1. Wholly within the range A:73-164, which strands (runs of 3 or more DSSP E) include no fewer than the required count, namely at least 1 residues that are of a type in the set (Lys, Arg) and more than 9 Å from every other protein chain (Cβ to nearest Cβ)?
2. Could you list all residues from the range B:158-178 that are modelled with pLDDT of 95 or more, open to solvent by less than 10 Å² (accessible area, probe 1.4 Å) and away from chain A (no Cβ under 14 Å)?
3. Examine the range B:291-304 for a residue that is open to solvent by 30 Å² or more (accessible area, probe 1.4 Å), farther than 15 Å from residue B:397 by Cα, at pLDDT 95 or above and not polar (S, T, N, Q), and state whether such a residue exists.
4. Test residue B:221 against the criterion of being surrounded by 15 or more Cβ atoms within 10 Å (Cβ to Cβ), free of Cβ contacts under 8 Å to residues at least 40 places away in the same chain and more than 14 Å from every other protein chain (Cβ to nearest Cβ), and give yes or no.
5. Does residue B:322 fit the bill of being in a helix (DSSP H, G or I), surrounded by fewer than 21 Cβ atoms within 10 Å (Cβ to Cβ), touching a residue at least 24 places away in the same chain (Cβ under 8 Å) and outside the structural domain of residue B:440 (by TED's automatic domain parsing)?
6. So is residue B:25 in contact with a Ser or Thr (Cβ under 6 Å, 6 or more places away or on another chain) and basic (Lys, Arg) or not?
7. Filter the range A:58-116 down to residues that are on the phi > 0 side of the Ramachandran plot and open to solvent by less than 40 Å² (accessible area, probe 1.4 Å), then give me how many there are.
Amino acid sequence: MSLLLDALGQPIRDLYLALADDAELPPVAAVIVSLSRWQAQADVLAVHAGAVAVQLPNTSDVLVLDAALLARPMLVLDFPGFADGRAYSQARRLRDRAGYPGRLRATGAAVVADQLAMMARCGISEFALREDQPLAICQAALSLEARPLPYQAAQDRSAAVFDARRG
Amino acid sequence: MYRYDQFDQALVNARVAQFRDQTARYLAGTLPADEFRHLRLRNGLYVQRFAPMLRIAIPYGTLSAKQLRMLAHIARKYDKGYGHFTTRQNIQFNWPKIEDVPDILADLATVEMHAIQTSGNCIRNVTADHLAGVARDELVDPRPYCELTRQWATEHPEFNWLPRKFKFAFSSSTTDRSATQVHDIGVHIIKNAAGEIGYEMVVGGGLGRTPVIGQVIREWLPEEDLLSYSEAILRVYNLLGRRDNIYKARIKITVKETGLAKFKEMVEAEWATIKDGPLKLKRADIARFQSFFTSFDYEASTASDTSYAEHLAKDSAFAAWAKRNLKAHRQPGYAIAFLSLKARGIAPGDVTHQQMDAIADLADRYSFGELRATHNQNLVFTDVRQADLYPLWQALVKLDLATPNIGLLTDVICCPGLDFCSLSNASSIAVAEEIFDRFESLDYQHDIGEIKLNMSGCMNGCGHHSVGHIGILGVDKKGEEWYQITLGGSSENKASLGDRTGPSVGREHIADAIQTIVHTYLELRANEDESFLACYQRVGMPPFKAALYPVAAAGEAA
């Protein structure tokens, strides 16, 4: 099982069970389901006793998500390849435009030390690290002390260089 | 020029430390090679045909003498003693060792330089008019806006993993000298009827395999909205751009496939939600950036100099150089002087470490310690006192940097080609040399007049062949080098893509073919003032085709 870190690099317990589309829904557990399963079984999932998070493909338009989806306690974004950055923009849109306040989890092959800081800056709040990732390097990458003030304002800090210069 | 404050310096220093760690992990085998590849590209490091290549950013082409001395030091210490200026106003070193690169980047950081985002699918070095701040036809100096854009784009967390590379170019003058219409985003800084500064935004231009002229996405964008509008374009592109086919991944294809109207609608909807956010520029932000780019303290007395006219009259070699390599300056008594990097026997854009040190000294002595790199792969001293032009020229002659060919046929734009690049099909440098030999006679070149010959070793088009008045593209035919010729391309105001002449020609015939084209032009031109481009636009392809392929033409006629 892969390690789960919060935005400051602290390990957190994973309370969610990632459910395959054909797997049976357990009676009470918190689950992550795919967007297609959520759409197909909305009625059942709406009355599920545990928390239901939804994993979005990185090709889905997050601006058309309905209120029930935006009310999920967690949405999971997919970073399937090292160089495929679509979910960065999905995260920004979810935070900025849809005003999504819940947990945003990053999952996939690109959830590695060298990308964590930029994911955090785009509003990702937890990281399901790829299996081979050493904890210490990932924690160092997320440490705020190690990171200089960025030029542009994004989701993770109120201040950026532009603001700092304005005084 | 722009100077780093503690924030800029901290970011660049942190980047060096980060890349040092990534390189160490790669060399130790804990960072997979494919992932290191993506990371090193974003720090300017390619692996080429024979060795790694390091591309260093020269934002909008502006360089100080101190920075140039550091580049000379890097050429000496880590490379084979020379560097290569590129069509993106950057410099490349062709022989560094991977394990030395973190040290090179650390050296660069001490003079406020870096290699961040000079490669990889991210926002690349921002380019601008190399005559910014001194050109007579300029509305406002584009460099403050370029620097704002550079900072916004540097380590932008959302746009480091785009479908493909992304290039900005800025222009604010009557003549477009930065090829804005063949960039992913071209920014024209303009004034409206009320006298306010704003921008005309052009999107979806590009060269490479599928050259496209950009389209205007917004005719008027207020000054304060440059970054938010750029962010909206990039966000839409990041989500919409194709990732299934590298040759269809640039924004030019996204715009084409989506349609400009629909693409614009998406950008405007995105922009509406962020335009009043933290990216909105304040008057004080812009003023701060403008304060770095004020004009130098010019001496009024130099306007009364008479020595320049005397030297012109006495020394015909100096006069020939002055005619070709000087441009008029705004300030009476000052001139803009081009240093030609297109000498005989030299790969276009190459400079040795001795030349770099000497150029730095000359810049200190004669041009306020600054110089520019042009996208035509030459250098410029933008602010030379008229009285200093003669000694400057004498020094440049000794350095082999005074070839009086700026804008002429031998001022070739050329990629490194087969000699260095692993993608190339053809030896562009060797062909450039052959053409140099053929047209070296200056009188002949002057008679031909302004003409842009651009050459690329492969379809990727790093030598901008599609927008050359004459373009040459190296193609591979069963392991042999062949050359496709195009005519009538231009990257200036009315940008156009060159038309193919017909079948490609072999290595041994390419110089002859260029000569035939030039002779045909000389016979056809209405008068000496009609340039090659104007002549081609008037007469079209048929006469050139007939001259180049006489047998085929006769066959068609029969």
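1. It comes to A:103-107.
2. Within the range B:158-178, B:168, B:169, B:170, B:171, B:172 qualify.
3. Checked against the condition, which is being open to solvent by 30 Å² or more (accessible area, probe 1.4 Å), farther than 15 Å from residue B:397 by Cα, at pLDDT 95 or above and not polar (S, T, N, Q), the range B:291-304 yields at least one hit.
4. Details: surrounded by 15 or more Cβ atoms within 10 Å (Cβ to Cβ): yes; free of Cβ contacts under 8 Å to residues at least 40 places away in the same chain: yes; more than 14 Å from every other protein chain (Cβ to nearest Cβ): yes.
Spelling it out, residue B:221 is indeed surrounded by 15 or more Cβ atoms within 10 Å (Cβ to Cβ), free of Cβ contacts under 8 Å to residues at least 40 places away in the same chain and more than 14 Å from every other protein chain (Cβ to nearest Cβ).
5. Details: in a helix (DSSP H, G or I): yes; surrounded by fewer than 21 Cβ atoms within 10 Å (Cβ to Cβ): yes; touching a residue at least 24 places away in the same chain (Cβ under 8 Å): yes; outside the structural domain of residue B:440 (by TED's automatic domain parsing): yes.
Answer is yes for this residue.
6. Considered against the rule, which asks whether it is in contact with a Ser or Thr (Cβ under 6 Å, 6 or more places away or on another chain) and basic (Lys, Arg), residue B:25 comes out as no.
7. 1
Condition check ((1) closer than 21 Å to residue B:85 by Cα; (2) within 26 Å of the chain's Cα centre (by Cα); (3) buried (at least 24 other Cβ atoms within 10 Å of the Cβ)) across all residues:
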| residue | (1), (2), (3) |
| --- | --- |
| B:444 | no, no, no |
| B:456 | yes, yes, yes |
| B:460 | yes, yes, no |
| B:474 | yes, yes, yes |
| B:480 | no, no, no |
| B:498 | no, yes, yes |
| B:504 | no, no, no |
| B:509 | no, no, no |
| B:515 | no, no, no |
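The values are calculated or read from the model by the stated rules, or taken from the named source; none is laboratory data. Because the structure is predicted, anything quoted here is derived from the model rather than measured. Heads up, the Cβs are rebuilt from the backbone with ideal geometry, glycines too, and the neighbour counts pull from every protein chain shown. Keep in mind that these areas ignore ligands, DNA and RNA; they rest on the heavy atoms of the full protein, side chains included. Shrake-Rupley method; radii C 1.70, N 1.55, O 1.52, S 1.80 Å.
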